[in-house]
1. Being loosely packed, with under 11 Cβ neighbours inside 10 Å, modelled with pLDDT under 85 and touching an Asp or Glu at 6+ places or on another chain (Cβ under 8 Å) is the filter here, so list the residues in the stretch 127-146 that pass it.
2. Thr279 is checked against (1) among the polar types (S, T, N, Q); (2) farther than 17 Å from Lys328 by Cβ; (3) surrounded by 12 or more Cβ atoms within 10 Å (Cβ to Cβ) and fails just one. What number does that condition carry?
3. So which residues in the stretch 72-103 are at pLDDT 85 or above and loosely packed, with under 12 Cβ neighbours inside 10 Å, if there are any at all?
4. May I ask you to list the residues in the stretch 175-201 that are in contact (Cβ under 8 Å) with a residue 60 or more places away in the chain and among the polar types (S, T, N, Q)?
5. Does Arg140 qualify as being in contact (Cβ under 8 Å) with a residue 40 or more places away in the chain and in the same structural domain as Asp66 (by TED's automatic domain parsing)?
6. Any residue at all in the stretch 160-181 that is of a type in the set (A, V, I, L, M), outside the structural domain of Asp65 (by TED's automatic domain parsing) and more than 30 Å from Ser269 (Cβ to Cβ)?
7. Where the second residue is of a type in the set (Phe, Trp, Tyr) and surrounded by fewer than 18 Cβ atoms within 10 Å (Cβ to Cβ) and the first is over 17 Å from Asn204 (Cα atoms) and lies in the stretch 150-174, which pairs have Cβ atoms under 8 Å and are six or more apart or on separate chains?
Amino acid sequence: MGIKAFISKWRPKAEAYFSTFPWKNLLFFLLFLMLAFIFWLMLFFQKENVEGTYRMPLKYTNIPDDVVFDNPLPEFIEISVSDNGVGIFMLDIKKRDSLEINIGDLAEEGTSDLQGDQYRQLIRSQLAPSTNIRGYYPMRISLATSKLERKELRVVFDGEIATSRANLVADSALFIPETVTAYGSAASLKKLKAAATEYTLFKNLKATSQLPVKINPVEGVKFVPDEVEIYIPIEEYTERTFEIPITATNIPAKLDVKFFPSRVKISFSVTLEEYKKITPEDFEIKLDYRKFHQNEGGRVELELTKSPSSAKNTRISPSSVEFLFENKTGG
């Protein structure tokens with residue numbers, strides 16, 4: 001059955017049902033329900049000593065970097081209160097801010113345990129004057145701390161940097177700041193030689209970028225700051241190819257060597273700015289006779305012995321060549 005046929009079948013029945021529905025009775029019922037709710041609210045607002053329980057988040061501020069708490073700090077405090085109906089209603093509907101505990105100020109006052117009147121007054125600062133505190137938990141917060149050793153560590157990158165096809169990383173990545181301070185026990189800090197970042201993959205970078213990266217956490221050690229900026233210089237590159245000869249050194253006077261092929265292609269990436277500055281003479285492949293003359297199969301792998309620093313991703317084709325020694329004839 002199609003949708004139109006279904007609607008055509010049931011529409012007369014629905015119209016007949018709703019045409020006889022007692023809408024007046026429903027409206028009277030809703031009206032009395034609303035009046036009853038209003039009447040209940042009025043009675044509730046006038047009522048004294050209404051009780052309630054609330055969970056208030058705790059926020060710790062001004063914590064020195066070189067200390068660690070001896071005991072875990074609670075994240076919430078459960079508060080039992082009483083007030084008139086209006087006060088309880090306002091506590092229910094309004095947003096309760098975090099209870100701030102200023103560790104630095106309390107430490108200056110010599111407070112290592114938050115309890116008693118000091119704790120109670122701090123709680124009261126978040127409540128209305130008419131609200132009575134019946135109880136709270138925990139009744140005591142230990143703020144005892146232990147002093148930590150410190151060590152300056154160099155930031156090192158753990159991850160991968162990938163650029164778009166026409167771009168390359170122009171130079172080494174830099175960190176801002178270059179070092180972070182590690183706080184921990186002498187034994188835990190002794191093991192650390194550097195502060196490694198979390199493993200991070202930067203993909204398809206198209207321009208010089210400065211990006212946030214987290215320091216990889218180490219158990220029992222606190223890093224300040226725990227996040228740094230990595231500066232990645234990116235430049236647009238183009239491809240270029242030269243053909244250069246293969247030469248050899250330290251060849252005995254009576255021998256001559258021939259390579260097949262005798263010239264190879266050098267392909268590399270270079271910035272547009274450096275493109276015209278590089279020449280074939282900037283590249284050399286010089287093979288040492290003492291290192292390859294006994295190679296089995298008469299073949300030697302090629303390596304550049306000279307190349308400009310501005311040439312990136314240098315490739316040699318072919319990567320190896322055959323060689324043949326010939327005795328020189330007397331002249």
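The values are calculated or read from the model by the stated rules, or taken from the named source; none is laboratory data. In this text, all values refer to a predicted model and were calculated from it rather than measured experimentally. Using ideal geometry, Cβ is built from the backbone for each residue, glycine included, and neighbour counts are taken over all protein chains shown.
1. If the condition is that a residue be loosely packed, with under 11 Cβ neighbours inside 10 Å, modelled with pLDDT under 85 and touching an Asp or Glu at 6+ places or on another chain (Cβ under 8 Å), then Ser146 is the only one that fits.
2. Status for Thr279: all satisfied but (3).
3. Within the stretch 72-103, Pro72, Glu75 meet the criteria.
4. Selection gives Thr181 alone.
5. No: the conditions fail for Arg140.
6. yes
7. Between residues of the stretch 150-174 that are over 17 Å from Asn204 (Cα atoms) and residues that are of a type in the set (Phe, Trp, Tyr) and surrounded by fewer than 18 Cβ atoms within 10 Å (Cβ to Cβ), the close pairs are Asp158/Tyr199; Leu174/Tyr231.
Results for (1) closer than 30 Å to Glu229 by Cβ; (2) not in a strand (DSSP E or B), shown as yes or no for each residue.
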{"site": "Tyr119", "(1), (2)": "no, yes"}
{"site": "Gln126", "(1), (2)": "no, yes"}
{"site": "Arg134", "(1), (2)": "no, no"}
{"site": "Met139", "(1), (2)": "no, yes"}
{"site": "Arg150", "(1), (2)": "yes, no"}
{"site": "Arg165", "(1), (2)": "yes, yes"}
